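What follows is one structure encoded as structure tokens, with my remarks underneath.
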Amino acid sequence: MADFAVSSEPNGGTGSSFTAAPATQDSFKHRLPDGETQRPWSGRYGIDSGDRRFSFSRNQSFKPQLLRNDSCIGTGNSVRNRSVLYQMASVLLAVRSGNRQVRRLALLISLNVAYSTVELMIGLLTGRVGLVSDSFHLTFGCGLLTFSLFAMTAAQKKPDGIYTYGYKRLEVLAAFTNALFLLFMSFSLAVEALHAFIQDESEHKHYLIVSAVTNLLVNLLGVWFFRNYARVNIAYRKAEDMNCHSICLHVLADSIRSAGLVLASWLLSLGVENAEVLCLGLVSAAVFVVILPLFRATGGVLLQQVPANVPTSAFNKCLRQVTALEEVSEVTRSRFWELVPGRAVGSLSILVKGGENGHSVLHYVHELYHDLGIQDLTVQTDHV
Amino acid sequence: MEDQAPSSSHLIEVNIDVPSTVATVSGSKFCGGAICDFSDSKTNIKDATERSSSMQKLLIAVLLCIIFMAVEVIGGIKANSLAILTDAAHLLSDVAAFAISLFSLWASGWEATPRQSYGFFRIEILGALVSIQLIWLLAGILVYEAILRIIKDSGEVNGWLMFTVSAFGLVVNIIMAMMLGHEHGHAHHGGHDDHDHSDHDDSHDHDHDENHHNHHHEHTEEHFHCHGVSVTSHNLLSSEDSKEPLLNHSEAKSVSKETKKHEKRNINVHSAYLHVLGDSIQSVGVMVGGAIIWYKPEWKIIDLICTLIFSVIVLATTIKMLRNILEVLMESTPREIDATRLEKGLCDLDGVVAIHELHIWAITVGKVLLACHVTITPEANAEYLLDNVIGYIKREYNISHVTIQIERQQ
């Protein structure tokens with residue numbers, strides 16, 4: 001039996017993490033029998049393993065054990081209600097020092113805000129209702145994009161005592177809010193189509209063409225910025241995948257809507273009857289179809305569903321393997337959830353038949369689930 | 001197990017709640033099966049009664065809403081007034097909010113599946129989130145319409161009509177708010193007896209950790225043997241020091257739990273209530289605007305200002321709930337649990353060296369889970385210490401879904 005030496009805390013008896021420095025003690029995880037700590041790039045779990053079963057553990061977000069925060073509760077870093085001004089200032093700072101995606105998003109937002117302000121002014125001055133409503137729609141969209149930006153910058157923060165899992169969930173939340181807004185938009189476009197259908201008179205506003213074309217151009221620029229995510233079904237590997245995907249779909253849906261308006265104007269000028277109803281209905285259906293996979297994926301993560309990239313058969317197989325151990329009599333309460341795509345958490349409760357073989361069982365179980373991609377596992381061993 | 005001194009007299013009290021289901025492995029503290037329900041029979045019943053009473057309230061509110069909406073639609077078509085039809089559409093949004101809340105309430109009672117290992121409790125939170133987004137959306141639409149009214153100032157704004165229609169809407173909303181918010185008297189009596197016994201059960205189960213490992217097993221064995229039967233074993237002749245505080249502790253806890261339950265509304269009912277409250281605030285705003293325009297038709301800008309102010313008020317009422325929802329969705333440590341004290345208390349237990357990876361999070365408002373790794377001294381008794389830790393957490397912080405990984409320091 002290997003010796004799983006766990007070095008003792010410098011604080012002695014009741015040391016936890018009351019001090020700000022992370023404890024040097026290794027938590028019990030991922031130790032190979034010969035005592036060396038598991039390195040993520042070693043052959044067994046390597047990226048070049050070529051085995052498709054390991055595709056979900058191929059993610060790059062594996063952190064070396066020593067850097068993992070052990071218990072962040074006592075770090076004294078947790079303030080519940082930071083003032084809004086402080087948060088806005090921190091967002092601005094983060095944008096200036098952020099990576100490419102953050103800066104592009106900031107540029108997109110400022111473009112949109114400028115454009116919608118101009119549109120609002122012109123609409124108010126000339127009394128054109130269509131321009132005002134369009135600018136309102138744009139402003140709502142900008143608000144959402146700002147929330148996404150805030151989520152992107154805030155997600156970098158380290159976990160603290162209140163948010164023990166860190167802030168990455170904000171990105172999933174921002175993606176969910178974007179998807180929800182797009183669903184609302186699709187629904188309201190359908191209502192508008194119905195309205196246009198009932199009211200046979202076509203009160204289509206042709207002056208909106210200029211604004212629609214400009215809107216289309218700005219949104220196509222946004223799609224170009226996030227062109228890596230311009231697909232409907234994406235396999236999410238990291239937290240920011242969901243956020244960026246939602247942003248891309250947001251600008252894509254906006255551009256579809258503008259394109260639909262242009263198309264409707266053109267068809268009307270050609271004399272096609274009910275062009276508006278057709279185009280609005282088409283746009284509404286298209287946006288709905290495009291946004292649904294993202295909505296389901298983000299909803300699944302927020303609902304504490306089991307990690308989507310791990311099939312149920314894999315879980316059952318692991319369960320059988322654990323139960324097949326001779327010391328284990330039963331496995332109860334196995335629960336898993338996904339914090340963000342790429343980081344799965346689980347807890348397990350095992351009934352062990354007597355003796356002091358706890359360590360080998362723990363080690364085996366941790367290894368088994370680490371293969372599936374579940375890095376944070378808490379295993380409770382109860383002796384019968 | 002054999003050398004523990006058995007206490008001499010036991011008083012066994014049996015409350016049979018539901019017909020017994022699968023009997024578990026004897027001596028096991030946990031329900032059988034790899035994926036079992038998130039809550040045990042006690043909380044299931046509490047949950048189910050709370051859920052059904054909330055659903056009843058919401059159903060009545062929906063029916064009332066639909067009736068009023070039908071009345072308004074008929075009246076609006078007859079009088080050929082756009083304002084009344086707009087208010088009917090507003091009531092339609094109320095119905096939508098109630099429908100979302102009803103669905104969330106119903107869905108959160110679904111059984112856990114292999115893909116949803118914690119059950120569907122989160123649907124409550126997501127439903128409340130969607131509901132609040134709806135409130136924000138509606139406030140935005142109202143502001144937009146107020147601006148439109150200013151642009152299209154062709155003078156067709158009838159102040160008197162605005163006033164009466166919104167007054168009617170206000171009355172409807174107030175009736176529904178009273179119905180949704182009035183929680184204290186009715187739904188409590190049915191669950192009251194259940195409640196008290198469960199309190200006793202909790203406090204008795206876990207106050208015996210200092211001497212009776214055997215007792216603990218015995219209690220829980222009797223408790224979980226048949227799922228529906230909750231057996232409380234009152235130990236009358238336990239040691240002196242544990243008798244006095246036992247009684248006070250359980251009394252204090254039952255009193256405090258009652259008051260807490262009074263304040264805590266189901267989150268979906270609360271969000272529907274917020275929706276209705278927001279609507280009545282908006283109605284007041286429209287009434288004020290209508291009255292001013294009726295009085296002085298040239299002050300149209302007042303309408304816009306009123307709408308803006310009242311929209312901001314409505315948004316302010318939703319902020320607190322939005323913050324709670326966000327905190328649950330971000331898996332943060334719940335506000336009512338003092339995590340630092342918990343960690344310190346755990347470290348103070350005998351045999352515990354350190355605590356790692358302590359995570360406390362809530363699956364929905366009120367259901368808290370905890371997971372941590374505990375490092376113990378090489379000579380400590382792991383089983384005993386595990387019971388100690390779990391008992392401490394359940395006793396002091398009332399967190400019942402706890403997973404502790406015991407590691408031995410070597």
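The values are calculated or read from the model by the stated rules, or taken from the named source; none is laboratory data. Keep in mind that what you see is a predicted model, and the values were worked out from it rather than measured. Neighbour counts run over all protein chains shown; Cβ positions are idealised from the backbone, glycine included.
Anything in region A:136-173 that is touching an Asp or Glu at 6+ places or on another chain (Cβ under 8 Å) and either in a loop (DSSP other than H, G, I, E, B) or facing another protein chain (nearest Cβ under 10 Å) (or both)? List them, or say none.
A:ALA155, A:TYR163, A:THR164, A:TYR165, A:ARG169
Filter region A:112-134 for residues that are more than 10 Å from chain B (Cβ to nearest Cβ) and small (Gly, Ala, Ser); which is surrounded by the most Cβ atoms within 10 Å (Cβ to Cβ)?
A:SER116
A:GLU276 passes all but one of (1) modelled with pLDDT under 90; (2) over 30 Å from A:LYS238 (Cα atoms); (3) surrounded by fewer than 20 Cβ atoms within 10 Å (Cβ to Cβ); (4) more than 12 Å from chain B (Cβ to nearest Cβ); which number fails?
Every listed condition holds for A:GLU276 apart from (3).
Can you find, within region A:321-353, the residue that is nearest to the chain's Cα centre (by Cα) among those that are within 10 Å of chain B (Cβ to nearest Cβ) and not in a strand (DSSP E or B)?
A:VAL322
Any idea how many residues of region B:129-173 are at pLDDT 80 or above and within 14 Å of chain A (Cβ to nearest Cβ)?
Number of matching residues: 16.
Assigned to a helix (DSSP H, G or I), modelled with pLDDT under 85 and among the β-branched types (Val, Ile, Thr): is that true of B:VAL276 in this structure?
For B:VAL276, the condition - assigned to a helix (DSSP H, G or I), modelled with pLDDT under 85 and among the β-branched types (Val, Ile, Thr) - is not met.
So which residues in region B:110-128 are closer than 18 Å to B:SER52 by Cα and within 7 Å of chain A (Cβ to nearest Cβ), if there are any at all?
B:ARG122, B:ILE123
When B:GLU383 is evaluated against the numbered criteria (1) surrounded by 19 or more Cβ atoms within 10 Å (Cβ to Cβ); (2) more than 19 Å from B:ARG335 (Cα to Cα); (3) not hydroxyl-bearing (Ser, Thr, Tyr), which criterion, by number, is the only one it fails?
Of (1) surrounded by 19 or more Cβ atoms within 10 Å (Cβ to Cβ); (2) more than 19 Å from B:ARG335 (Cα to Cα); (3) not hydroxyl-bearing (Ser, Thr, Tyr), only one is false for B:GLU383: (1).
Kindly check whether there is at least one residue in region B:388-400 that is of a type in the set (Gly, Ala, Ser) and either without any contact (Cβ under 8 Å) to a residue 60 or more places away in the chain or assigned to a loop (DSSP other than H, G, I, E, B) (or both).
Yes, region B:388-400 has at least one match.
So which residues in region B:335-391 are facing chain A (nearest Cβ under 9 Å), closer than 30 Å to B:MET321 by Cα and among the charged types (D, E, K, R)?
Within region B:335-391, B:ARG335, B:GLU343, B:GLU357 qualify.
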